[in-house]
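The values are calculated or read from the model by the stated rules, or taken from the named source; none is laboratory data. None of these values were measured; they are calculated from a predicted model. Cβ placement follows ideal geometry from the backbone for every residue including glycine, while neighbour counts extend to all protein chains displayed. Note: areas computed on protein heavy atoms with side chains; ligands, DNA, RNA excluded. Shrake-Rupley method; radii C 1.70, N 1.55, O 1.52, S 1.80 Å.
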Amino acid sequence: MKPLYLYKYPKTLLNRGTGFLSGYSHSLNPYTGCSFACSYCYVRQMPVSTFRDAEWGTWVDIKKEAAAVFQKEYQKAKTKGPITIFMSSSTDPYQPIENKEQVTRSILEIMSYDPPDFLFVQTRSPLVRRDIDLLLRLGKHVRVSMTVETDLEEIRRHFSPYAPPIAARLRTLQLLAEAGVPTQATIAPMLPSSEKLAEILSQLVNRVCIDDYYMGDGSGGRRTRNLGIEALYKQLGMEEWYTPSAYRKVYERLKYYFSEDQIFISQPGFEP
């Protein structure tokens, strides 16, 4: 599926951290829309999607001249107190088109010379490895959180066929760790997985976060139910994975390889 790309000229890049992200001073979205089109994405139920006359995943707005807008906002925000940024809350900052447009990289370049108190980069794209040089400049002020919702490629294809393959994400985590970039693996939303997932992640990271629809979609699972995601579990005969207690299965597996202070459940795993 090839999305429609549109150029927009934003007036603002930084938004106040609220709700699930209330631990942050700001959130930042270099793009609007997301070409990964994950079936379970809670953003499908948010105004940015519902007020658009096109299906989520079929369009991406590219924010032109974003660096100039960001730099002005960023400098002003820094005069008012500590700056902690979550990137991104309603898109992946490493859209495939980022390889060409470099909106995210241009923003990282500004922060690399004058770091925020903390930057959290949430992605599922191997493209983040391109920016290892800038991430290293940020040092302890950054954490890259790579989404690895399952270790089973057939499950990934069932729920998010347009998202990057799991193997590529795991390889990227390895490269980031080897380079010295602070990282974590985020099993979110938690999908059916094998018992090997915990062992695989333990070889790549020393910090992992689990989240599911009930804790993480901002509505206690209602947004996800409205998307009809349960039907996808029924197609696989895996309804037992679509329950509020299912995350305990993965948590217990992780405890065999990680200490309890290395495992985070939902919101605390995303906080600064």
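Worth a mention:
- Considered as a group, the residues in region 124-158 that are under 25 Å from residue 238 (Cα atoms) and either aliphatic (A, V, I, L, M) or in contact with a strand residue (DSSP E or B) (Cβ under 9 Å, 6 or more places away or on another chain) (or both) include one that is surrounded by the most Cβ atoms within 10 Å (Cβ to Cβ), and that residue is 149.
- Filtered residues of region 39-60 (kept if within 26 Å of residue 106 (Cα to Cα) and either of a type in the set (A, V, I, L, M, F, W, C) or over 18 Å from the mean Cα position of the chain (by Cα) (or both)): 43, 48, 56, 58, 59, 60
- Cβ-Cβ contacts under 8 Å between residues 6 or more apart (or on different chains), taken from a first residue in region 42-61 that is of a type in the set (Phe, Trp, Tyr) to a second residue that is at pLDDT 85 or above and part of a loop (DSSP other than H, G, I, E, B), are listed as 56/34; 56/37; 56/41; 59/3; 59/52.
- Subset of region 93-119 (residues that are touching a His at 6+ places or on another chain (Cβ under 7 Å), surrounded by 17 or more Cβ atoms within 10 Å (Cβ to Cβ) and in a loop (DSSP other than H, G, I, E, B)): 116
- Residue in region 257-267 that is at pLDDT 95 or above and closer than 23 Å to residue 153 by Cα present: yes
- Selection within region 165-201 - in a loop (DSSP other than H, G, I, E, B), over 27 Å from residue 244 (Cα atoms) and under 17 Å from the mean Cα position of the chain (by Cα): 181, 182
- Scanning region 90-102 for any residue that is in contact (Cβ under 8 Å) with a residue 60 or more places away in the chain, more than 10 Å from the chain's Cα centre (by Cα) and over 21 Å from residue 36 (Cβ atoms) turns up nothing.
- Candidate set from region 14-40 (those that are touching a strand residue (DSSP E or B) at 6+ places or on another chain (Cβ under 6 Å) and of a type in the set (A, V, I, L, M)); member that is modelled with the lowest pLDDT: 21
- The residue of region 218-235 that is farthest from residue 195 (Cα to Cα), among those that are among the polar types (S, T, N, Q) and open to solvent by 40 Å² or more (accessible area, probe 1.4 Å), is 226.
- Criterion (surrounded by fewer than 19 Cβ atoms within 10 Å (Cβ to Cβ) and without any contact (Cβ under 8 Å) to a residue 60 or more places away in the chain) met by exactly one of 215, 238: 238
- Residue 178 passes every criterion in (1) open to solvent by 40 Å² or more (accessible area, probe 1.4 Å); (2) without any contact (Cβ under 8 Å) to a residue 40 or more places away in the chain; (3) touching an Asp or Glu at 6+ places or on another chain (Cβ under 7 Å) apart from (3).
- Within region 143-164, the set of residues being of a type outside the set (A, V, I, L, M, F, W, C) and assigned to a helix (DSSP H, G or I) comprises 153, 154, 156, 157, 158.
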